[in-house]
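*Asks:* Here's a structure for you.
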Amino acid sequence: MGFAAASELSAKGAKVIVTGRNKESLKQAEAELNVIGIQADQSDLKSIDSLVEQVSSQFGKVDVVFLNAGIAAFAPLDSASEEHYDSIMDINVKGTYFTIQKLLPILNDGASIIFNTSVNAHLAMPNSSVYAASKAALLSLNKVFATELAPRKIRVNAVSPGPVETPIYSKLGLEKEEVEGLGAALGEKILLKRFAQANEIAKTVGFLASDDSSFTTGTEIVVDGGLTVNSVM
C-alpha cells in the first residue's frame, strides 16, 4: 500500500519521500517511481530523529505525511508473548506517535497527516487482539491530534482498509492453508466479493492528501468493500 500511495502522489506531481527498513525495497521504489528513498526504522526513535534531520536539511518543510509503516501478527490471548505485544505496539503505536511528534517542527501549517489504520480495529477477529488494539489506538490518536493541530490548520485523518492483496498475508505467521482459509472466509463476508487492490487504497490516500478534502479532519474513511457492513465473523 505504501508503494501504491507513493505512486499515486508522485503521479499527482508531489515530491515524494518513501522510508522503510528494507534497503532493497527502497531501491525498487526509487527505480520504478519518481521518489526519494530514505532508510529508517519506525521502531527506533533515534532513527526517526535522523530521518527528520535528513528530510529537513535536504528538502525543508513537509506538506503530507502518510503513516503506513506497521506490522501484523496473530496470536490467541492465552499464548501471546510479551515479545509479540511489544513488537506490534513499538512499531504500530509508539513509532507512529513519535514520528508525528518529531515531524511537527517541519510540517507546514495546513499540512495533511494520514494514518493507515484497519477495519480490524472494529471486527473483533479472533487471535488479532494486539494488532486490533494497535489500530484502535491510532484511531483515537487520529481524533485527538486533529483537535490539537487544528490551530495550525493541519488536518488529521485515517484510512481503514479491509483485506488488500499485498504480501503481508504471507508474513502473519500462519500456515498456507490457514491463509487460504482466512481469504476464503473474508471473501464471503466482503459485499463486493473480492480483496481490494493496493491502488484503490492509494486513491483514498490521494484524496486525503489533496485540497479535495480541505474540510475533512478527525475522521476515518473505511475502504473495505462492505466487510464491516456484513461483519459477523
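*Asks:* What net charge is computed for the residues neighbouring LEU33, neighbours being all others with C-beta under 14 Å from the C-beta of LEU33, Lys and Arg scored +1, Asp and Glu -1?
*Replies:* Numbers: positive: LYS12, LYS15, LYS27; negative: GLU8, GLU30, GLU32.
Computed value for this residue: 0.
*Asks:* Any aspartates and glutamates with Cα under 14 Å of the LYS203 Cα? List them, leaving off those in the same chain fewer than 8 positions away.
*Replies:* GLU8, ASP211, ASP212, ASP224
*Asks:* What are the membrane-span-like helices in the chain by this rule: whole DSSP H runs, Cα extent along the axis at least 27 Å, mean Kyte-Doolittle hydropathy at least 0.5?
*Replies:* The qualifying helices are 129-149.
*Asks:* What FRET efficiency comes out for ALA136 versus LYS46 if R0 is 30 angstrom and r is the Cβ-Cβ distance? Round to the nearest 0.05. Display every interim value, and only then the final one.
*Replies:* On the way: r = 28 Å, r/R0 = 0.92.
With R0 = 30 Å, the Cβ-Cβ based efficiency is 0.65.
*Asks:* Over the chain, what is the relative contact order in whole percent, taking alpha-carbon pairs under 8 Å and six or more residues apart?
*Replies:* Values: 372 pairs, mean separation 49.8, N = 233.
Once divided by the residue count of the chain, the mean separation gives 21 percent.
*Asks:* Of the listed peptides 39-46, 128-135, what is their order by residue-averaged count of other C-beta atoms within 10 Å, with the highest listed first?
*Replies:* Details: 39-46: 17.2, 128-135: 21.5.
For the peptides 39-46, 128-135, the packing ranking is 128-135, 39-46.
*Asks:* Grab the DSSP H runs of the chain that are 4 residues or longer, score each as -39,500 (n - 2.57), total them, divide by all residues and round the 222 nm result to the nearest 500 deg cm²/dmol. Spell out each step's value before the answer.
*Replies:* Working: 9 runs with 102 residues, N = 233.
Computed ellipticity for the chain at 222 nm equals -13500 deg cm²/dmol.
*Asks:* For region 68-73, take each phi angle, set θ = phi - 60°, evaluate the Karplus expression 6.51 cos²θ - 1.76 cosθ + 1.60, and give the result in whole Hz per residue in order, putting x for glycine and proline.
*Replies:* 9, 4, x, 10, 10, 8
*Asks:* Net charge within 15 Å of ASN142 by Cβ-Cβ distance, Lys/Arg positive one each and Asp/Glu negative one each, not counting ASN142 itself? Don't jump to the answer; show the numbers that get you there.
*Replies:* Numbers: positive: LYS135, LYS143, ARG155; negative: GLU148, GLU220.
Result for the local shell: +1.
*Asks:* Which distance in nm do the two modelled labels at ILE38 and GLN58 give, with both placed 7 Å along the Cα-to-Cβ direction?
*Replies:* About 0.7 nm separates the two model spin labels.
*Asks:* Here is a follow-up. To the nearest 0.05, what FRET efficiency results for VAL144 and ASP90 with a Förster distance of 22 Å applied to their C-beta separation?
*Replies:* On the way: r = 20 Å, r/R0 = 0.91.
Taking R0 as 22 Å, the efficiency between VAL144 and ASP90 is 0.65.
*Asks:* Which links in LYS46/LYS189; LYS23/LYS193; LYS46/LYS153 stretch past 32 Å when you go from one Cα to the other?
*Replies:* Working: LYS46/LYS189 42 Å; LYS23/LYS193 35 Å; LYS46/LYS153 28 Å.
Result: LYS46/LYS189; LYS23/LYS193 exceed 32 Å.
*Asks:* Relative to the Cα centre, what is the charge dipole magnitude of the chain, using +1 at the beta carbon of each Lys and Arg, -1 at the beta carbon of each Asp and Glu, and rounding to the nearest 20 debye?
*Replies:* Working: 20 positive and 27 negative charges, 136 e Å.
Charge dipole, the chain, about its Cα centre: 660 debye, nearest 20.
None of the figures in this text is laboratory data; all of them are computed from the coordinates on show. Source: prediction; values computed, not measured. Every residue, glycine as well, gets a Cβ built from its backbone with ideal geometry; the counts of neighbours run over all protein chains shown.
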